[in-house]
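Derivation of every value follows stated rules applied to the coordinates shown; laboratory data play no part. Here the structure is a predicted model, which is why all the values come from computation and not from measurement. All Cβ positions, even for glycine, are placed from backbone atoms using ideal geometry, and neighbour counts span all protein chains on display.
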Amino acid sequence: MHLYSGPLSLFAAKARIALEEKGLAHELTQVEWSLKNRYEPHHPEVAHLNPKGEVPVLVDGDVVVYDSTLICEYLEERNPTPALFPTDHATRARCRQQEAAADEVWFPHIWTLIEARVYPGGDPESAAAKAACSALASYWTQFDQELGKADYYCGDFSVADIGSFIFTNAAASFGAPLPESCERMRAWRDRVAARPAVEKITNDLNTAALAAISA
């Protein structure tokens, strides 16, 4: 297996954690990225494999899968154990819905913060950035309530935890940390962060971020 990733791609980080959690041997290609040019020009192989020209892209023999959600589902079907999706249909739907919420509902606000507080020309104190922080705080409160007394979002560790952790961890770096009142979510975050696969990929993201800042 071969994964095309990006050094700071949160979506690629999801795929990388899934691969590590399942213990699947794979080659890793980190495509070039910079604050000035972002991912331009696109990596030629990524542009060839994915019509959107984006990472992550997984190549498994003749099989090519792009999009972090589809990659996680492919890995689950290819190597069912250890499981990253619940087996019960209702709980699996809950898992998928939370992963989708992290991707499609949370991430746009995180992207607003990235544009405002990372890339040149952004305004860290813009109305849009403040609104993004406010929206994320409300999502954190909702997630905290939905966790209840469970160690993980769906009881056992799953892709819902992977995506949710990656985005909450990034959001904290951009000015939207978990509120002190979200005690269950803060304990969940620490629990997920301590998993070896998550710790490894998080350290890679942090190293890449420091390198980008100092470049």
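Here is a check on your reading of the model: is residue 140 surrounded by 15 or more Cβ atoms within 10 Å (Cβ to Cβ), within 30 Å of residue 29 (Cα to Cα) and of a type in the set (Phe, Trp, Tyr)?
no
Quick check: is even one residue across region 92-107 in contact with a Leu (Cβ under 9 Å, 6 or more places away or on another chain), loosely packed, with under 14 Cβ neighbours inside 10 Å and either farther than 19 Å from residue 143 by Cβ or touching a residue at least 24 places away in the same chain (Cβ under 8 Å) (or both)?
There is no residue in region 92-107 that is in contact with a Leu (Cβ under 9 Å, 6 or more places away or on another chain), loosely packed, with under 14 Cβ neighbours inside 10 Å and either farther than 19 Å from residue 143 by Cβ or touching a residue at least 24 places away in the same chain (Cβ under 8 Å) (or both).
Mind listing just one residue for me: the one in region 180-201 that is assigned to a helix (DSSP H, G or I) and touching a residue at least 60 places away in the same chain (Cβ under 8 Å) and, of those, farthest from residue 3 (Cα to Cα)?
196
Could you please let me know if residue 75 is more than 28 Å from residue 172 (Cα to Cα), out of contact with any strand residue (DSSP E or B) (no Cβ under 7 Å at 6 or more places or on another chain) and surrounded by 18 or more Cβ atoms within 10 Å (Cβ to Cβ)?
Answer is yes for this residue.
Given the structure, is residue 75 assigned to a loop (DSSP other than H, G, I, E, B), within 21 Å of residue 152 (Cα to Cα) and touching a helix residue (DSSP H, G or I) at 6+ places or on another chain (Cβ under 8 Å)?
No.
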